[in-house]
Amino acid sequence: MDNRKKSVGYGSRGWILIIACIFTNYMLAAATGDSLNILALRFEENFSWSQASVFLLASYGMFIAAVVSILFSFLLKKLKDSARKIMIIALVITVVGVVLWGYCTQFWQFAILFTIVNIAVNIICYYGANPLINNWFPKKKGSAIGIATTGMNAASFSIVWILMLGWNLMGWHGGFYIFAFLAFIPLVLIVFFVKEYPEQCGAFPDNDRTMTREEAEKLMGMEELYDKTSRFTVKNSLKCKQMWQIALSCGFTMACTGIIYQFIPACIDRGFTETQGIVILTITGIMAIPFSILLGIFDQKKGAKKAGLVVAAMCFFGMVCMGIPVKWLIYPAMVGVAFCLGTTNNILMSLTTSIFGRYDYKSVTAVISPIYIFLTAFGVWIIALLNDALGGYMVPCFILAGLCIVSFIIILTMKEELIGRTDEDIERLAQEYGRK
């Protein structure tokens with residue numbers, strides 16, 4: 001398979017894109033959930049907002065993001081260079097929104113701004129960064145995703161420390177300015193150094209310098225042509241079995257990341273102190289980084305299906321250990337949760353590209369992403385709701401473990417074969433249009 005070819009580097013422009021995506025994935029994790037580990041505690045101390053309300057807000061924000069993302073799925077198909085443009089607009093909204101978090105004194109103010117930022121960061125990654133990586137690295141997407149999504153893992157172990165450092169050095173507002181600066185960095189990189197396709201800025205797909213500049217530009221033209229003529233419309237995508245297999249299997253495992261939103265409270269619930277919980281969360285986030293990279297390498301060599309099975313199995317292990325209320329089980333749980341954090345987002349894009357290919361990815365992901373975001377929100381919601389109602393994490397974690405079993409079965413029965421268009425199909429299409 002093409003996506004298993006050995007990586008020979010990403011090129012300077014390609015690395016700029018990957019670095020930008022590291023930061024956007026960081027913001028996706030930090031702004032939608034990881035920061036709530038400390039924000040919920042501080043909001044309760046400063047404004048008497050209940051922690052349960054703040055955690056439930058995260059899930060509601062993601063549910064709304066899933067609905068709003070449907071609109072952006074149409075924009076992605078209609079606008080030229082849409083992924084990059086949508087990414088830039090959403091990054092601006094994120095920067096402004098996070099700064100304004102620090103000026104909220106009423107819960108309804110934070111609820112509105114949190115929801116807006118939640119929508120923006122989901123759009124940045126699923127409708128901006130992921131399609132761009134697909135455009136730039138069609139055959140090396142596994143390893144590129146593995147590096148890019150280390151940003152999500154970095155958020156898990158660093159955002160709490162960054163916010164506390166900012167508050168100590170610059171006061172309450174200062175912590176949010178530093179937080180927002182992390183979204184400003186990829187904004188600058190995307191605006192000045194990255195285009196929709198590598199060919200538009202003198203680079204090559206997969207940094208494949210064996211092709212000439214003319215061949216690269218011709219390939220880009222064919223991609224844009226087929227992007228407009230994909231047979232995977234919304235209606236056809238909804239009828240496609242493989243689309244549902246990817247959306248549900250990846251969505252069920254991604255739902256398990258909801259535990260990280262309450263990881264510190266979960267540690268406290270087991271008998272650890274807040275400081276110990278922060279340290280445990282930090283170590284878990286650091287462990288997730290090599291898991292992300294290793295899965296990318298495994299994906300390249302063994303294929304997306306086998307990688308997906310490993311992800312589902314490890315997510316199951318993590319949820320079972322988190323669900324059993326035994327203090328020492330937090331240590332094996334750290335391994336499972338770290339693997340979950342480091343790999344769940346990777347496998348979504350990898351499976352989609354492996355089955356639908358570079359040329360149909362944008363059309364299909366416009367349908368997959370709302371389902372995926374919705375199921376992610378379900379994980380956050382079920383943990384927050386049942387923990388508040390039952391006073392523990394056993395029931396919600398076991399429910400998520402059950403979804404991991406379903407995910408494993410779906411992936412096991414999935415056929416990992418390309419049903420999207422190939423380079424030869426695009427060539428024939430270009431010839432047909434050339435005769436018209």
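We did not get these values from a lab; they are worked out from the coordinates using the rules stated. For clarity, every value in this text was computed on a predicted model and none was experimentally measured. Note: ideal-geometry Cβ built from the backbone for every residue, glycine included; neighbour counts use all protein chains shown.
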Where the only charges are on Cβ atoms (+1 Lys, Arg; -1 Asp, Glu), what is the dipole of the chain about its Cα centre, to the nearest 20 debye? 900 debye
Using the Karplus curve 6.51 cos²θ - 1.76 cosθ + 1.60 with θ = phi - 60°, work out ³J(HN,Hα) for each residue of the stretch 200-207 in order, rounded to whole Hz, and write x for Gly and Pro. 6, 10, x, 9, 10, x, 6, 6
I need the helices of the chain that pass two filters: whole DSSP H segments spanning 30 Å or more by Cα along the axis, and mean Kyte-Doolittle score no lower than -1.0. 51-78, 150-193, 274-302, 330-390
At q = 0.06 Å⁻¹, what is the base-10 log of I(q)/I(0) for the chain according to the Debye formula with one equal point scatterer per Cα and no solvent? Please give it to two decimals. -0.23
For the chain: relative contact order, % (alpha-carbon pairs under 8 angstrom, 6 or more apart): 25 percent
List 237, 158, 292 from most exposed to least, where exposure is judged by having the fewest other Cβ atoms within 10 Å. 158, 237, 292
Leading residue at positive end of dipole, the chain (Cβ point charges), from 143, 24, 204: 204
At 0.36 nm per residue, and after removing the present C-alpha to C-alpha distance, how many nm does the segment from residue 170 to residue 235 gain when stretched out fully? 18.3 nm
Helix-only [θ] at 222 nm, the chain, -39500 (n - 2.57) per DSSP H run of 4+, per residue, nearest 500, equals -27000 deg cm²/dmol
What shape does the stretch 323-389 take by its C-alpha gyration tensor, where a ≥ b ≥ c are the square roots of the eigenvalues and a/c under 1.5 counts as rounded, a/b above b/c as prolate, and the rest as oblate? oblate
Among 235/301; 85/415; 306/362; 327/415; 195/415; 241/301, the pairs whose Cα-Cα distance exceeds 31 Å are 235/301; 85/415; 327/415; 195/415
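Once you keep just the Cα pairs under 8 angstrom separated by 6 or more residues, what percentage relative contact order results for the stretch 81-151?
Dividing the mean separation by the residue count of the stretch 81-151 yields 40 percent.
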Let me check I've understood the local charge: for residue 36, count other residues with C-beta under 15 angstrom from its C-beta, Lys and Arg +1, Asp and Glu -1. What total comes out? -4
Highest-MSF residue in the chain out of 275, 24, 376 [GNM, Cα springs under 10 Å]: 275
So what's the net charge close to residue 50: Lys and Arg +1, Asp and Glu -1, counting the other residues with Cβ under 11 Å from its Cβ? -2
For the chain, build the charge dipole from Cβ charges (+1 Lys, Arg; -1 Asp, Glu) around the Cα centre, then report which of 238, 125, 187 sits farthest towards its positive end. 238
